[in-house]
1. Check VAL162, VAL142 and return the single one that is at pLDDT 95 or above, in contact with a His (Cβ under 8 Å, 6 or more places away or on another chain) and open to solvent by less than 70 Å² (accessible area, probe 1.4 Å).
2. Could you please find all residues in segment 139-163 being in contact with a strand residue (DSSP E or B) (Cβ under 6 Å, 6 or more places away or on another chain) and over 16 Å from PHE196 (Cβ atoms)?
3. Among the residues of segment 69-87, are any open to solvent by 70 Å² or more (accessible area, probe 1.4 Å), outside any helix (DSSP H, G or I) and within 26 Å of LYS154 (Cβ to Cβ)?
4. Can you find a residue in segment 36-54 that is surrounded by fewer than 16 Cβ atoms within 10 Å (Cβ to Cβ) and modelled with pLDDT of 95 or more?
5. Is it the case that segment 141-159 has a residue that's touching a Ser or Thr at 6+ places or on another chain (Cβ under 7 Å), in a loop (DSSP other than H, G, I, E, B) and in contact (Cβ under 8 Å) with a residue 40 or more places away in the chain?
6. Could you please let me know if SER94 is open to solvent by 10 Å² or more (accessible area, probe 1.4 Å), part of a helix (DSSP H, G or I) and on the phi < 0 side of the Ramachandran plot?
7. Would you pick out the residues in segment 130-139 that are touching a residue at least 40 places away in the same chain (Cβ under 8 Å) and open to solvent by 50 Å² or more (accessible area, probe 1.4 Å)?
8. Being open to solvent by 40 Å² or more (accessible area, probe 1.4 Å), among the small types (Gly, Ala, Ser) and touching a residue at least 12 places away in the same chain (Cβ under 8 Å) is the filter here, so list the residues in segment 97-117 that pass it.
Amino acid sequence: MRGTVMSDLWNGLFNSRTALRSFAVVSGICLAFEGSVPAQAQQACSTTAVTGWLPRNPSLDDQRSITDVLSSYAWTIDDRDPTSFVDLFLKEASSSYELCNVGGQVFKLTFGHQDPSKDLETEMASITKYLKDHDLQTRHLVTNTLFDAAKDGKTVKTKSTVLVTLQASNLEAPELDYSADVRATLAKDGDGNWKFQSLTVYADNAAIVAKKR
């Protein structure tokens, strides 16, 4: 009888711990979703994620500088530093940060837009504040970067793979948030520093999921 009682007790504890663990994982996954929007409400992405890529590399110095910009894109979001993130872009009205998924455009942010939800500086401050307020830690991992330098040397296009993990206070380990195909066009500013003209993230998640990070 005692063996049966102890067995039932251990089974109860195990089931309770399993339930709590499952709840934590589910809660973490829920936190990973910024919101849902009907697929038909999304606009077409303003750039095309074309397949195929013929690498045309810039100089090694330019490759290193551009790689630093791509790494800084990851770090500034992960550090929740909107000011440094915005500084990675050319200070032009046409400069843009766009996020798309299989349903089309989720958002497109540009400099000085009169709509705060479409303004690069205002919206990035809001996105990073959300991460900070909800104690969410992202990690953007940029890899597999290829370069396509224009013949005139004025611009360079890049193609990278990005994996984003999300750590929440109720998760034992980071969860995969999303993966993406990231395309960028970079040009030099007046000081000779490479900056983004455009940065487009083609997230692999479902059309109904609208990430903002």
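The values are calculated or read from the model by the stated rules, or taken from the named source; none is laboratory data. The model shown is predicted, which means the values in this text are computed figures rather than measured ones. As a convention, Cβ positions derive from the backbone with ideal geometry for all residues, glycine included, and neighbour counts pool all protein chains shown. Accessible surface areas use protein heavy atoms only, side chains included; no ligands, DNA or RNA. Shrake-Rupley method; radii C 1.70, N 1.55, O 1.52, S 1.80 Å.
1. One residue alone meets the criteria, VAL162.
2. Correct list: ARG139, LEU141, THR143, ASN144, LEU146, THR161, LEU163.
3. Yes - at least one qualifying residue is present in segment 69-87.
4. No: zero hits.
5. No: segment 141-159 contains no residue that is touching a Ser or Thr at 6+ places or on another chain (Cβ under 7 Å), in a loop (DSSP other than H, G, I, E, B) and in contact (Cβ under 8 Å) with a residue 40 or more places away in the chain.
6. no
7. TYR130, LYS132, HIS134, ARG139 - these are the residues of segment 130-139 that are touching a residue at least 40 places away in the same chain (Cβ under 8 Å) and open to solvent by 50 Å² or more (accessible area, probe 1.4 Å).
8. Once the filter is applied, which keeps residues that are open to solvent by 40 Å² or more (accessible area, probe 1.4 Å), among the small types (Gly, Ala, Ser) and touching a residue at least 12 places away in the same chain (Cβ under 8 Å), segment 97-117 yields only GLY112.
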